[in-house]
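Report on one structure; see the data block that follows.
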Amino acid sequence: MLSDGLARGFWCECWAEDLMAPGRPTVTTSFGAYSATQADGWLPTALRAITAELNPVAPKETWDWLYESRIDTRRALLRSEPCMVSVTYASTRITWTVHPVLFLPLADHQEHMELQPCTHDLKPDATD
């Protein structure tokens, strides 16, 4: 944790893109990792889960990354550098990105936080 309440971590996203239909990729999942180890663990877990559902020939590039390039990704994360892994199956490209970030503390975590006086004037609407 940084002294000003900010915490270092990594923002992890998984994007899916249909290569046959032009348009923007869609974020399928995302989460915040609080360590390089946690971010590094997410990538191969996601890759294994997806490639297990594909035909046996398709995941070759995924397994190549898992066994040959993963150490480079781990080193980059330990240096707080962004990483990206993409694999393409048929007409779908799946891309995992990991970026170093600073997480802000949430406002509702403040102790003894007083609401503005006008908030007490708000009443819920009566329902029939």
Length gain on complete extension for the stretch Arg8 to Thr45, per 0.36 nm per residue less the alpha carbon to alpha carbon distance? 11.1 nm
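FRET efficiency for Tyr34 and Ser69, Cβ-Cβ distance as r, R0 = 25 Å, nearest 0.05?
On the way: r = 24 Å, r/R0 = 0.96.
Rounded to the nearest 0.05, the efficiency is 0.55.
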For Glu81, what charge total do you get from the other residues with a beta carbon under 15 Å from its beta carbon, if Lys and Arg give +1 and Asp and Glu give -1? +3
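Fewest to most neighbouring Cβ within 10 Å: what's the order for Glu68, Glu17, Glu81?
Numbers: Glu68 9, Glu17 18, Glu81 13.
Neighbour counts put them in this order, fewest first: Glu68, Glu81, Glu17.
Starting with the highest mean, order 38-44, 87-93 by the number of other Cβ atoms within 10 Å, averaged over the residues of each peptide. Walk me through the numbers on the way to the answer.
Numbers: 38-44: 19.0, 87-93: 14.3.
In decreasing order of mean packing, 38-44, 87-93 become 38-44, 87-93.
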For Glu81 and Leu19, extending 7 Å from Cα along the Cα-Cβ vector and measuring point to point gives, in nm, a value of 2.6
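FYI, it's all coordinate maths here, none of it is from the lab. This structure is a prediction, so every number in the text was calculated from the model and none was measured. For neighbour counting, all protein chains shown are included, and Cβ atoms are generated from backbone atoms with ideal geometry for every residue, glycine included.
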